[in-house]
Amino acid sequence: MSDTTPTLLSVEDVYAGYDGSDVLHGVSLDVHAGEFVCVIGANTAGKSTLLRTISRLVPKSRGRITFDGTDLMSLKAHEIPKLGIAHVPEGRHVFPDMTVEENLLLGAYTLRQDPVYKERLEKAFTLFPRLKERRRQWAGTLSGGEQQMVVLGRAMMLNLRLLILDEPSHGLAPIVVDEVHDALVKIHEAGTSILLVEQNTSLALSVASRGYVLESGEIVLAESAKALHDDPKVREAYLGL
Amino acid sequence: MKWWITGAVVLVAAAIVPTFLDPTGYAIRVLTLALLFAALGQAWNIVGGLANQISLGHAAFFGLGAYTSTILLINFGLSPWIGMLAGAAIAAVAAYLLSFPTMKLRGHYFALATLAFSEVLRVIAGSWTSVTGGPVGLSVPFSPDSFWLLQFKSTMPYYYIMLGALVVISGVFVWIRHSSLGYRLRALKENPEAAEVVGVNTTQVKISAAVISAALTATLGTLYAQFTYFFDPEAVFGIIPISVRAAIIAILGGAGTVVGPIIGAFLIVPMEEMANVLLSSRGAGLSQLAFGVMLIAIILIEPRGILALITNGVSRLRRRKSS
């Protein structure tokens, strides 16, 4: 599959870090159009740094990152969403003193007068009916799962082509994790490519079709999700089986 | 009551009050100063309240406004109304330039950098004697009554001018708050990184807010100069009389809200005056001490300001009634 569809995101030999010491040591990976790819690894492997480097939040980085032919390394963080890349950072980060709808609006404030805005809002509300019920409520008063939906809904307000997710299940109750799981599957089925970073390895491997294992800033394994799931090392180190 | 009815009632009351007061008396002077400082707190609120960038250097822009219009008036007989625009333009440029070195600074570091900037201007104003009059300061040439030269013998016209300034600046604040710039500022305030990844150009947003706030602050500097007829570097570039006062008025009342600075100013300015009258004869510094204690007490009780204190109290009463 991955050989027949064009490459959407390509990361080549990327080094990145903070204050002089690199966290990533020559990472390469790619996401093809329509693919759902996950990166698994331990807590300090550099998973978040990898995602933050792609969305240009790590100033000290080098290597090549392209998205559909556009060089991302020459762009600033706030220019990345215009390409249709939405980064949902770890910890959800809704804007608590804004209503649900204002949070969504912020994902597309340049489009406020555009009919597209209403269309996308409806699409987000169709996927997350609970957000529609709570559209006038302060985002800070929502439950963790609902906040996660706000953040996903906000990402959908862009002309979304690639969704980059950092630990969406972190700190959520198991039943809510299932909801998030379903939401990701739906977003993916609607045609969005997804790059997911998760500590919850079994969740990641159950939704993604392909995965990478990141260890101490280097990719040590790249396989289909099924192959990773059956890999004895992955089973022992990350699935606890 | 709808918010705009409340606003209209307060505005009408504010317009009627001076007719009951001695037009050259002490009370109207205190109220006029309170209006001026409410407007200053409101201008500060655009940066400090909406973006949570705590500036302790707003005296820089206030002083630029006061000096620009007064120097133009003294040397070229230019109307302060025009000098006000010139001062606003200079302050806007200054804020734009200042935003580059302070861009990456947050919290205390931002506060200290802005404070240092205003101190540099204070020192320049104190030493560039040929233009600024040096440490002695500048006197506005007295030629009342003239609207064009913004000079009046009575305090009453100043009262209405300051009221007008407060209404205009509060209007700008409300407009920004509900514009897309306001949303982006609030996003920046709550989480700069999350704002960037949803496409907010945080750099541009910070600069826009700083420039608007600085220009408005400068116009108040001009009004202050015309009201007091005399000022020295400390009076307009001073940390305590202007910068800290602007911040405290907004924070004490409730930063980020439109009524916050108004509540803050009408509490602080009369309180300061009262402390001066009652305590200054009993020992130097006693009034400042009393004032400081009051500030600390309020901040300890409710760090989000008096407005939060009031709204919390009201909602608690309502809950008690309904239960």
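Brief remarks on what is shown
- Spatial separation of Cα centroids for segment B:249-274 and segment A:6-62, in angstrom: 49
- Relative contact order %, segment B:22-238, counting alpha carbon pairs below 8 Å whose residues are six or more apart: 41
- A dipole drawn for segment A:99-173 from +1 and -1 charges on Cβ atoms has a positive end, and of A:Ala124, A:Leu163, A:Ala139 the residue lying farthest that way is A:Ala124.
- Within the listed set B:Val269, B:Val258, B:Val168, the residue fluctuating most in the Gaussian network model of chain B (springs between alpha-carbon atoms under 10 angstrom) is B:Val168.
- Nearest-0.05 FRET efficiency for A:His25 and A:Glu223, computed from C-beta distance (R0 30 Å): 0.90
- Within 10 Å of the Cβ of each residue in B:184-195, the mean number of Cβ atoms contributed by other protein chains is 5.
- Residue (of A:Leu9, A:Thr44, A:Gly84) at the positive-pole extreme of segment A:1-122, dipole from beta-carbon charges: A:Thr44
- Anchor A:Lys233: lysines whose Cα lies under 22 Å away (excluding residues fewer than 8 positions away in-chain): A:Lys47
- Efficiency of FRET from Cβ geometry, B:Ala27 and B:Gln288, R₀ 30 Å, rounded to 0.05: 0.85
- Accessible area, probe 1.4 Å, largest first, for residues B:Asp145, B:Asp232: B:Asp145, B:Asp232
- Using a simple spin-label model with pseudo-atoms 7 Å out from Cα toward Cβ, B:Arg319 and B:Tyr109 lie 3.9 nm apart.
- B:Leu78 versus A:Lys76: modelled label distance in nm, points set 7 Å from Cα along the beta carbon direction: 3.2
- Student exercise, segment A:7-237 dipole from Lys, Arg, Asp, Glu Cβ charges, in Debye to nearest 20: 700
- Mean projection area, nm², convex hull over Cα of segment B:81-208: 10.4
- Calculated from the alpha-carbon coordinates, the protein assembly as shown shows an Rg and a Dmax of 28.5, 92 Å respectively.
- Relative contact order [Cα under 8 Å, 6+ residues apart], chain A, whole percent: 27
- Modelled FRET efficiency - R0 51 Å, B:Leu278 with A:Glu236, Cβ distances, 0.05 increments: 0.10
- For segment A:170-241 versus segment B:90-142, the spacing of their alpha-carbon centroids is 55 Å.
- Once the 1.4 Å probe is applied to the protein heavy atoms, chain A comes out at 44 Å² accessible per residue.
- Taking the charge dipole of the protein assembly as shown about its Cα centre, with +1 at Lys and Arg Cβ atoms and -1 at Asp and Glu Cβ atoms, the residue from B:Ala111, B:Val9, A:Leu29 reaching farthest to the positive side is B:Val9.
- Across segment B:223-267, the volume of the C-alpha convex hull divided among the residues equals 77 Å³ per residue.
- With all protein chains kept in place, the per residue accessible area of segment B:22-238 amounts to 38 square angstrom at a probe of 1.4 angstrom.
- Size of charge dipole - the protein assembly as shown - debye, nearest 20, with Cβ of Lys, Arg +1 and Asp, Glu -1, no other charges: 1820
- Taking every alpha-carbon pair under 8 Å whose residues sit at least 6 apart, segment B:172-323 reaches a relative contact order of 14 percent.
- Pairs from the table (A:Lys60/A:Lys132; A:Lys123/B:Lys189; A:Lys82/A:Lys132) lying more than 31 angstrom apart at Cα are A:Lys60/A:Lys132.
- Residues of type lysines that B:Lys2 reaches as a straight line, Cα spacing below 24 Å, ignoring anything fewer than 8 places off in the same chain: B:Lys321
- Shielded residues, segment B:160-183 - accessible-area loss of 50 Å² or more between chain alone and all protein chains, probe 1.4 Å: B:Tyr183
- Rg ratio (alpha-carbon, reference 2.2 N^0.38 Å) - segment B:217-323: 1.29
- Counting only trypsin sites (Lys or Arg not before Pro) that DSSP places in a loop and that have at most 14 other Cβ atoms within 10 Å, the longest clean stretch of chain B runs over B:154-323.
- Remark: the B:Thr311-B:Leu97 segment gains 73.1 nm on full extension, using 0.36 nm per residue and subtracting the alpha carbon distance.
- Inter-chain Cβ neighbour count for A:73-82, averaged per residue, equals 4 (cutoff 10 Å, partner chain atoms only).
- Principal axis box of segment B:22-238, alpha-carbon based, largest edge first, Å: 57, 37, 27
- For segment B:22-238, size of Cβ-based charge dipole, Lys and Arg +1, Asp and Glu -1, in debye: 360
- Accessible surface buried at the B:A interface totals approximately 1800 Å², computed with a 1.4 Å probe on protein heavy atoms.
- Percent of Cα pairs exceeding the 28 Å cut-off, where the set is chain A: 30
The values are calculated or read from the model by the stated rules, or taken from the named source; none is laboratory data. Predicted model, so just to flag it, every value in this text is computed and none were measured. Heads up, the Cβs are rebuilt from the backbone with ideal geometry, glycines too, and the neighbour counts pull from every protein chain shown. Accessible surface is based on the protein model in full, side chains and every heavy atom, while ligands, DNA and RNA are left aside. Shrake-Rupley method; radii C 1.70, N 1.55, O 1.52, S 1.80 Å.
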